[in-house]
Amino acid sequence: MTLFKKNEKVRFIAESGVMIALATILSIIKIYEAPFGGSVTAGSMIPLILVGMRWGVLPGVLVGLVYGILQAVLEPYIVHPVQFLLDYPVAFGMLGLSGLYRSIKKHKPCSKLMEYIGVLLGIFLAIFGRFTCHVLAGVVFFSDNAGDINSWIYSLGYNGSYLSMELLISVIVIVMIWKPIRREIK
């Protein structure tokens with residue numbers, strides 16, 4: 001069993017390259033930058049979330065992994081190999097979870113309301129997966145930054161402070177552009 005039909009491989013590679021480039025450009029436009037890494041950007045996760053929604057979970061995870069490695073090269077904040085994995089390829093690979101929307105849509109034809117709920121769920125799962133990776137890395141590798149605060153509470157608050165804004169930006173933009181792009185998300 002192959003992941004793609006023969007004629008879809010080139011299209012996937014081309015679209016993914018464009019989306020990784022777009023996500024990289026959007027990641028440079030920072031609205032807020034946290035002191036120990038992490039930032040609110042101009043929607044840098046949106047292109048990667050859309051890849052997952054269009055192509056499915058595994059292709060979305062693959063594109064997220066590539067993007068995560070690229071981010072580690074461009075803006076590294078690495079203190080340990082496991083932290084690198086959690087904060088870069090695995091965290092951004094989690095954005096491929098947005099592809100669960102595609103799996104749900106294939107098995108259940110739905111109304112427009114249910115379709116939008118599925119889109120919101122896909123976005124939430126993707127960003128929550130990334131959030132979970134960053135929280136784990138924060139608890140294990142950055143607990144010294146917490147001071148007297150419990151390291152779990154500190155990491156949840158720190159990572160939630162910027163990823164909640166990224167979630168909000170992603171939801172607003174994707175919902176606004178969903179109608180014209182939904183036919184491309186098969």
> Mind checking whether some residue in region 125-132 is in a helix (DSSP H, G or I), out of contact with any helix residue (DSSP H, G or I) (no Cβ under 7 Å at 6 or more places or on another chain) and open to solvent by 60 Å² or more (accessible area, probe 1.4 Å)?
Replying inline: yes
> Do we find that L113 is without any contact (Cβ under 8 Å) to a residue 12 or more places away in the chain and assigned to a helix (DSSP H, G or I) in this structure?
Replying inline: yes
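Name the single residue, out of those in region 127-184 being of a type in the set (D, E, K, R) and within 14 Å of F92 (Cα to Cα), that is nearest to the chain's Cα centre (by Cα).
First, the residues of region 127-184 that are of a type in the set (D, E, K, R): 130, 144, 148, 166, 179, 182-184.
If we keep only those that are within 14 Å of F92 (Cα to Cα) too, we end up with 130, 166.
Numbers: R130: 6, E166: 10 Å.
Taking the candidates together, the pick is R130.
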> From the list G118, G157, which one is touching a Lys or Arg at 6+ places or on another chain (Cβ under 8 Å) and part of a helix (DSSP H, G or I)?
Replying inline: G118
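May I ask you to list the residues in region 138-164 that are open to solvent by 50 Å² or more (accessible area, probe 1.4 Å) and closer than 22 Å to Y116 by Cα? Even if it seems obvious, please write down each step before you answer.
Residues of region 138-164 open to solvent by 50 Å² or more (accessible area, probe 1.4 Å): 140-141, 144-145, 147-150, 152-153, 156, 161, 164.
Of everything in region 138-164, just one residue is open to solvent by 50 Å² or more (accessible area, probe 1.4 Å) and closer than 22 Å to Y116 by Cα, namely S164.
Would you list the helices (runs of 4 or more DSSP H) that sit entirely within region 3-97 and hold 2 or more residues that are under 18 Å from V173 (Cβ atoms), open to solvent by 50 Å² or more (accessible area, probe 1.4 Å) and β-branched (V, I, T)? I'd like the intermediate steps shown before the answer.
Numbers: elements: 9-28, 46-55, 57-74, 81-85.
Filter on region 3-97 gives 9-28.
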> of a type in the set (A, V, I, L, M) and open to solvent by 70 Å² or more (accessible area, probe 1.4 Å), is that true of L167?
Replying inline: no
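Could we say that A42 is free of Cβ contacts under 8 Å to residues at least 12 places away in the same chain and either on the phi > 0 side of the Ramachandran plot or under 16 Å from the mean Cα position of the chain (by Cα) (or both) here?
Numbers: free of Cβ contacts under 8 Å to residues at least 12 places away in the same chain: no; either on the phi > 0 side of the Ramachandran plot or under 16 Å from the mean Cα position of the chain (by Cα) (or both): yes.
Criteria not met by A42.
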> Which condition number in (1) in a helix (DSSP H, G or I); (2) open to solvent by 60 Å² or more (accessible area, probe 1.4 Å); (3) more than 20 Å from A23 (Cα to Cα) is the one that V135 fails?
Replying inline: (2)
> If you check G56, G93, G37, which single one turns out to be within 13 Å of the chain's Cα centre (by Cα) and of a type outside the set (V, I, T)?
Replying inline: G93
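The values are calculated or read from the model by the stated rules, or taken from the named source; none is laboratory data. As the structure is a prediction and not an experimental result, all values here were calculated from the model. Neighbour counts are summed over all protein chains in view; Cβ atoms, including those assigned to glycine, are modelled from backbone coordinates with ideal geometry. Note: areas computed on protein heavy atoms with side chains; ligands, DNA, RNA excluded. Shrake-Rupley method; radii C 1.70, N 1.55, O 1.52, S 1.80 Å.
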